[in-house]
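The values are calculated or read from the model by the stated rules, or taken from the named source; none is laboratory data. Predicted, not measured: the structure shown is a model, and the values here were computed from it. For neighbour counting, all protein chains shown are included, and Cβ atoms are generated from backbone atoms with ideal geometry for every residue, glycine included. For accessibility, only protein heavy atoms count, side chains too; no ligands or nucleic acids. Shrake-Rupley method; radii C 1.70, N 1.55, O 1.52, S 1.80 Å.
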Amino acid sequence: MQSVLREITKLRSGTPIVIDYHNSNRYRLVVQENNGTKTAYCFSAPIYNRKTRKLIDMKFRRNGDAIYTTGSNANITLLHNLLMETVEGSIAIDLPQKPILLSSQEVQCGICMLSPTTNGVAVRWDVSNTPQNSFTMETGQPHLNIRANDRCFALMKEEYRPLVILSCIGSLDAFGNVIAPAKVEYQKLTDRKYKITVSATSPLAQSVAFEVNMYENKLFQDTTVESANPSVNNAFGSVGFIGNSSAYGEQWLYSRPDYSRISEVMDKRVQKVVLHIPKLNLGDVELSAFKATSRFCSFGSIWDNKISSGTLVSDSQTLGRYQSLDITSLLVDTRTRTISRSEGLILKSKIKGSGFSVIATGDSCYAPQIMEINYR
């Protein structure tokens, strides 16, 4: 995502945007429609800065020798290293070379390229000459707990609240499309410093991509579960390979909104709700959303204890680089037309065995999901 307004413009197919400036919710931008309704574009990650309450612009700028950007609650500076700071703490990542500002969207550091996310950076690292690259991450606080798997590394501020998350996006071809997973490994060097290694899992990969973000609560609580790794939970992973892949077997995504983050529309008469999920690979594998039959835990769900799926909610429609699903029947009471609290949805490939669709989950700051709510 290059900007909030650009993504909304894409979803509206160029229809003019008249912003409702009475909105005070950091997760959404509200548009006034010609027919008297309003449309709230609710992003899975905050899109307004916590301190200034201004819309984040996701642009790099220069200040002397330093390059910087401001996220939803983090200050990010590139000079001798990559420094990310919030009121809760800081982390520093060493860089292979001195950063060079190429544009407001790109900084080059030797064989890696950085771009802004909503609260951190996305990194694309050249692996054409080596399948893996390593760097160090150092925190301002010692003895943080770790929550990790082979695709995500999180340093925990509290039991269920990270300070920072590094999450793999994938192994990329020459055109930047995800063709396979990427893998992350870590080694603890000291009580503050860690060696991180990110590797490609495909010999065809030209680069690996991952995102590093200081944590903020998300609009969606979700996790993937998969048949090939039936005991793996992926609550903080920012990418799903939904469908069937050699790496993960059959993979599903469990997701439900945190209704406290859309409190302003809970008593409105809602006409339609569409979930737009960024798609990161080529191909036309469509997805289907089913009702979750009971409550799931995003931190405890694995393939071996997964909640069964209920009735079909909708099948996806491809809209540019989005998989879009009409989830009105899941979230809206047919009698009152108000939002009703559901147990969430389960996302699967529409046709079993048809391949996989690489999507951004609700934890991605690189490509946030967007829930579009039209209401009166």
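Could you go through region 58-66 and let me know if any residue there is under 23 Å from the mean Cα position of the chain (by Cα) and not hydrophobic (A, V, I, L, M, F, W, C).
Yes, because at least one residue in region 58-66 is under 23 Å from the mean Cα position of the chain (by Cα) and not hydrophobic (A, V, I, L, M, F, W, C).
Within region 121-134, does at least one residue satisfy the condition of being farther than 23 Å from LEU280 by Cα, in contact with a Leu (Cβ under 9 Å, 6 or more places away or on another chain), open to solvent by 10 Å² or more (accessible area, probe 1.4 Å) and in contact (Cβ under 8 Å) with a residue 40 or more places away in the chain?
No, there is no match, as no residue in region 121-134 is farther than 23 Å from LEU280 by Cα, in contact with a Leu (Cβ under 9 Å, 6 or more places away or on another chain), open to solvent by 10 Å² or more (accessible area, probe 1.4 Å) and in contact (Cβ under 8 Å) with a residue 40 or more places away in the chain.
Sort out which residues of region 71-86 are part of a strand (DSSP E or B) and of a type outside the set (A, V, I, L, M), and write them in order of number.
Residues satisfying the conditions are ASN75, THR77, ASN81, GLU85, THR86.
Give the residue, chosen from ALA235, ALA174, that is part of a loop (DSSP other than H, G, I, E, B), at pLDDT below 95 and either basic (Lys, Arg) or farther than 26 Å from LEU282 by Cβ (or both). Even if it seems obvious, please write down each step before you answer.
Values: ALA174 fails: either basic (Lys, Arg) or farther than 26 Å from LEU282 by Cβ (or both).
Just one listed residue meets the conditions, ALA235.
Filter region 238-275 down to residues that are aliphatic (A, V, I, L, M), in a loop (DSSP other than H, G, I, E, B) and crowded, with 17+ Cβ neighbours inside 10 Å, then give me how many there are.
Within region 238-275, residues that are aliphatic (A, V, I, L, M), in a loop (DSSP other than H, G, I, E, B) and crowded, with 17+ Cβ neighbours inside 10 Å number 1.
Residue by residue through region 189-204, note down the ones that are in contact with an Asp or Glu (Cβ under 7 Å, 6 or more places away or on another chain), of a type outside the set (Ser, Thr, Tyr) and within 21 Å of LEU114 (Cα to Cα).
Result: no residue meets the conditions.
Going by the structure shown, is SER316 without any contact (Cβ under 8 Å) to a residue 60 or more places away in the chain, polar (S, T, N, Q) and open to solvent by 10 Å² or more (accessible area, probe 1.4 Å)?
So SER316 does not fit the description; no.
Look at region 7-32 and say how many of its residues are open to solvent by less than 70 Å² (accessible area, probe 1.4 Å), closer than 22 Å to PRO257 by Cβ, not in a strand (DSSP E or B) and not hydrophobic (A, V, I, L, M, F, W, C).
Qualifying residue count for the region: 7.
Among the residues of region 294-313, how many are of a type in the set (A, V, I, L, M, F, W, C) and either in contact (Cβ under 8 Å) with a residue 60 or more places away in the chain or buried (at least 19 other Cβ atoms within 10 Å of the Cβ) (or both)? Give the derivation first.
Of region 294-313, the ones of a type in the set (A, V, I, L, M, F, W, C) are 296-297, 299, 302-303, 307, 312-313.
Narrowing further to those that are either in contact (Cβ under 8 Å) with a residue 60 or more places away in the chain or buried (at least 19 other Cβ atoms within 10 Å of the Cβ) (or both): 296, 299, 302-303, 313.
The number of residues fulfilling the criteria is 5.
Give me the pairs, please: first residue somewhere in region 94-107 and within 9 Å of LYS59 (Cα to Cα) and touching a residue at least 40 places away in the same chain (Cβ under 8 Å), second residue anywhere and hydroxyl-bearing (Ser, Thr, Tyr) and open to solvent by less than 60 Å² (accessible area, probe 1.4 Å), beta-carbon distance under 6 Å, and either six or more positions apart or on two chains.
GLN105/SER115; GLU106/SER115
Taking region 166-187 on its own, how many of its residues are among the small types (Gly, Ala, Ser) and either over 12 Å from ARG124 (Cβ atoms) or touching a helix residue (DSSP H, G or I) at 6+ places or on another chain (Cβ under 7 Å) (or both)?
Residues meeting the conditions: 2.
Can you tell me which residues in region 48-97 are within 17 Å of VAL212 (Cβ to Cβ), open to solvent by less than 60 Å² (accessible area, probe 1.4 Å) and among the charged types (D, E, K, R)?
Result: GLU88, single match.
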